[in-house]
Amino acid sequence: MRGPGLAERYGAGRRPERRPLVIVLAVLFVGALTAWAVWASLGSEQAIDATLTSYDVVSSHEVRVKISAHFRDDKTTGTCLVRATAQDHTIVGELN
């Protein structure tokens, strides 16, 4: 007794009917993912840009810092939180 041929067993020569649907769904998914990435990158402009410009260690209990903050427009408000951490990364001081 002979079993089914290779073409019957593995489907050689037949194209699945679902293949165009899978391709369309994959293209739509990649398009949506690309659109989201563009939206996220363009919409990520921060209202406040702040940088630490200098610091001076006065003693083992005092550090002076200078921070430069730039606001995108006059309506933007904000606060600045400065934290001092020890060598083991625990917070030892904080000023808002």
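The values are calculated or read from the model by the stated rules, or taken from the named source; none is laboratory data. Keep in mind that this is a model prediction, so the values were computed, not measured. Here the Cβ positions follow ideal geometry from the backbone for every residue, glycine too, while neighbour counts run over all protein chains shown. Protein only, heavy atoms only, side chains kept; ligands, DNA and RNA dropped before computing areas. Shrake-Rupley method; radii C 1.70, N 1.55, O 1.52, S 1.80 Å.
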Check your understanding: Filter segment 61-78 for residues that are of a type outside the set (D, E, K, R) and not in a strand (DSSP E or B); which is farthest from the chain's Cα centre (by Cα)?
Key -> His61
Exercise for review: Take the residues in segment 49-60 that are over 28 Å from Thr77 (Cα atoms) and in a strand (DSSP E or B), then tell me which one is modelled with the highest pLDDT.
Suggested key: Val58
Exercise for review: Could you run through segment 26-48 and say how many residues are in a helix (DSSP H, G or I), open to solvent by less than 60 Å² (accessible area, probe 1.4 Å) and closer than 23 Å to Arg72 by Cβ?
Suggested key: 2
Revision key, fill the gap. Going through segment 49-91 in order, the residues found to be surrounded by 11 or more Cβ atoms within 10 Å (Cβ to Cβ) and without any contact (Cβ under 8 Å) to a residue 12 or more places away in the chain are Tyr55, Thr85
Exercise for review: Answer yes or no as to whether Arg9 is more than 18 Å from the chain's Cα centre (by Cα) and modelled with pLDDT under 70.
Suggested key: no
**Study point:** The listed residue being modelled with pLDDT of 80 or more, of a type in the set (Gly, Ala, Ser) and out of contact with any strand residue (DSSP E or B) (no Cβ under 8 Å at 6 or more places or on another chain), out of Gly93, Gly31
**Key:** Gly31
Point to revise | Considering residues of segment 12-25 that are open to solvent by less than 100 Å² (accessible area, probe 1.4 Å) and modelled with pLDDT under 80 only, the residue nearest to Thr79 (Cα to Cα) | key: Pro16
